[in-house]
Each structure stands twice: as structure tokens, then as C-alpha cells.
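Everything on this sheet refers to the single structure shown next.
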Amino acid sequence: MAADDQGVDLARRLSHVRWLAGGTGSGKSTLARALAERHDVLIYDGDRAERDYVGRCTAHGQPYLWALLQAPAARTWNSRSAREIFESMPSLHGETFGFVVGDLLAMPTGRPILVDDFRTLPREVAPLLTWREQAAFLVPTPRFRDRALRARFADAARARANWGDSDHGEALARRLARDDLWDAEVRRQAAELDLPVVPVDGSRDVPDLVDDLAARFRLGRSRR
């Protein structure tokens, strides 16, 4: 009972938080910025916050993240299969979610906070929701993601920062295959927990998706 009470209290303390998660390359950051411009919300940028996780992780507490940090980028992406890369993801094993919750509890509560973070899985966030559509999981079609990631990593410096001096074409192919596995896991968990998945295939423009998410997130009237 005490654990249940703690869960209810944590959900109450995070009732001002909205969760925008799902697959990479689905446009989460673009939508988060558009929501912030239209509504009075703060953004918790998971990619930026991850840099701070590095200093807080330990070999005992976050073994998958610790191992990832010790491995050269080329070995991480080019010496293993997509399945092996997927199964070694720290977020798959819940190693980063505690950092996210801790950060959110330390942030101001006077405005809604929008978490933009692909690492968030349905099973982690479900106990913290006070209504079903407080979280939305964006899942891109393979074609949509392929275009998005090829455009993202066309910048050689960005590709090198992620994959070192490995074969970038091979690394991208494994990245795409890994992300397909992640999407399947998101869809599976969301279906089990009856949480909303929003398909992204390019047929809806940004304003349409922003309106949809604002309604789901109960963000109220636009500032425009």
C-alpha cells in the first residue's frame, strides 16, 4: 500500500508534465518547439539532458549506459547486429528514466513541462499519468524516418560525432534497423497499456499535429 501511495503522490507531483516520446526521426523536437511557441510550456530536452546523465551514471547503477560510454563509437555501431545494439540500449532497461524524473521534480511547477525524449517507454510513464493522453508516442513510418535520418546525417561532422570513423553508410543502416526494433517495442507496450500511438507518415503538416497534441495534452488556449 505504501508503494501505491508513493506512486499516486509522484503522479500528482508530475501532473503538470506532458510526455512526447516515440521513435527517432518522427519530428518530436519540431513539434515540441511549435507547442512551446503556441502555448506557455517549458521543454525538457532529453537529448540535451542526456549529457548530464553521463556524469551521474555508475557501473553498478547503470551498467548498460556505463558500457556504452566506454566503447568507441565505431565499435558500438559497426561490430554488432541491429538486434544486439537494440538489446544493449540503456533506456530499454530503464536506466535513464530515473534521471528524467529526478530532473522534472527539480523544475518549476508553475507552467506545463513538455518532455521531448525518445528514451521514454510506455511502461515507465504509465504509472505517472493522471489521464491517458498525458503521453503521446509518435511512431514514424520506415520511409519517413529514412528520409529524416539521411537528411540529419548528411552533415559529415554530425555523422562522425555519432559513428566515429566507421563506415557511415553501414552505421546508418544499422541505426535504422535498430530504430525499427525500438518502434515495435513502443507499439507493443502502448497496446498493452492502452496508451496513444500517433503514426507519422508525412501526410499531416506540423500545425495539424500541434493542434492534435495540444488537445490531447490539455494545453488550453493558444497564445496566438
I'm told SER166 meets every condition in (1) over 21 Å from LEU31 (Cβ atoms); (2) open to solvent by less than 60 Å² (accessible area, probe 1.4 Å); (3) modelled with pLDDT of 90 or more; (4) not β-branched (Val, Ile, Thr) except one. Can you identify the failing condition by its number?
(3)
Please verify whether segment 37-48 includes one or more residues that are at pLDDT below 95, open to solvent by less than 20 Å² (accessible area, probe 1.4 Å), touching a Gly at 6+ places or on another chain (Cβ under 8 Å) and not aromatic (Phe, Trp, Tyr).
yes
Going through segment 102-147 in order, the residues found to be of a type outside the set (Asp, Glu) and over 21 Å from PRO196 (Cβ atoms) are GLY102, LEU105, ALA106, MET107, PRO108, THR109, GLY110, ARG111, ARG143, ARG147
Lone unmet requirement of (1) open to solvent by 20 Å² or more (accessible area, probe 1.4 Å); (2) touching a strand residue (DSSP E or B) at 6+ places or on another chain (Cβ under 9 Å) for PHE97:
(2)
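Of the residues ARG123, ARG175, which single one is assigned to a helix (DSSP H, G or I), closer than 24 Å to ASP201 by Cβ and at pLDDT 90 or above?
That would be ARG175, the only listed residue that is assigned to a helix (DSSP H, G or I), closer than 24 Å to ASP201 by Cβ and at pLDDT 90 or above.
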Across segment 78-94, which residue is farthest from ASP47 (Cα to Cα) among those that are open to solvent by less than 30 Å² (accessible area, probe 1.4 Å) and not polar (S, T, N, Q)?
ALA82
Taking segment 114-140 and keeping only residues that are of a type in the set (Val, Ile, Thr) and open to solvent by 50 Å² or more (accessible area, probe 1.4 Å), one is left with THR130
Hits in segment 178-200 - residues which are assigned to a loop (DSSP other than H, G, I, E, B), surrounded by 13 or more Cβ atoms within 10 Å (Cβ to Cβ) and of a type outside the set (A, V, I, L, M, F, W, C):
PRO196
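The values are calculated or read from the model by the stated rules, or taken from the named source; none is laboratory data. As the structure is a prediction and not an experimental result, all values here were calculated from the model. Neighbour counts run over all protein chains shown; Cβ positions are idealised from the backbone, glycine included. These area figures cover heavy atoms from the full protein model, side chains too; ligands, DNA and RNA do not enter into them. Shrake-Rupley method; radii C 1.70, N 1.55, O 1.52, S 1.80 Å.
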